[in-house]
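Data first, discussion second: the structure below is written as structure tokens.
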Amino acid sequence: MANIAISLEETNKIRISLGLKPLTDEKAPVADKEKEAEENYAKAREKENKARKEKALRDKIAKIRNRQELNTKLEGKTLGSLENDDGDTKAWIKKSKKIVKEIAKRRQKELEEMDNQFQESYGEDDLTGLKVSHDLDDLREGEEQILTLKDSRILEDA
């Protein structure tokens with residue numbers, strides 16, 4: 001028998017004339033797959049580059065916004081500016097001492113308010129079950145004494 005070889009194109013022409021599906025080249029899909037893989041890789045790299053650029057842009061915008069916020073916080077009168085003062089050091093010292101005293105008064109008032117609120121909320125119900133480790137005989141009338149509560153283990157009570 002003689003070895004007869006015909007090309008894929010000729011075979012496909014004959015198959016089409018007989019009403020059959022044409023054959024596909026096995027080598028062509030491999031090239032298509034490689035080409036597709038290269039395209040996918042290129043797309044992935046583009047996405048990464050785009051994401052990196054977007055992140056850099058976002059960071060830059062955030063940095064600018066942060067700088068703007070800091071600048072708005074810094075607006076106003078500073079220690080170095082003597083616009084309203086007549087430049088007298090004594091006047092500045094008096095003013096700063098006055099401000100410090102006002103702040104101290106405000107803090108003292110806040111602490112007193114907190115103490116008052118705590119004292120109002122702390123009553124007899126909070127003292128139930130507590131034991132004092134001092135005897136009544138040790139207490140003298142008219143003298144100040146500090147009473148301490150006796151420690152006990154939490155797990156022993158349970």
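The values are calculated or read from the model by the stated rules, or taken from the named source; none is laboratory data. The structure displayed is predicted, hence computed values, not measured ones. For neighbour counting, all protein chains shown are included, and Cβ atoms are generated from backbone atoms with ideal geometry for every residue, glycine included. All accessible areas refer to the heavy atoms of the entire protein, side chains included, with ligands and DNA or RNA removed. Shrake-Rupley method; radii C 1.70, N 1.55, O 1.52, S 1.80 Å.
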Unique residue being in a helix (DSSP H, G or I) and at pLDDT 90 or above when the list is Lys73, Lys90, Lys101: Lys101
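Can we say Ser17 is in a helix (DSSP H, G or I) and either modelled with pLDDT under 80 or more than 35 Å from the chain's Cα centre (by Cα) (or both)?
So Ser17 fits the description; yes.
So that you can scan it fast, the table gives a plain yes or no per residue for (1) modelled with pLDDT of 75 or more; (2) under 41 Å from the mean Cα position of the chain (by Cα); (3) open to solvent by 100 Å² or more (accessible area, probe 1.4 Å):
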site: Gly80; (1), (2), (3): no, yes, no
site: Met114; (1), (2), (3): yes, yes, yes
site: Glu120; (1), (2), (3): yes, yes, yes
site: Asp125; (1), (2), (3): yes, no, yes
site: Val132; (1), (2), (3): no, no, no
Give all pairs with beta carbons closer than 9 Å in which a residue from the stretch 138-158 that is modelled with pLDDT of 70 or more meets a residue that is outside any loop (DSSP other than H, G, I, E, B) and not aliphatic (A, V, I, L, M); count only pairs at least 6 apart in sequence or on separate chains. Gln145/Asp138
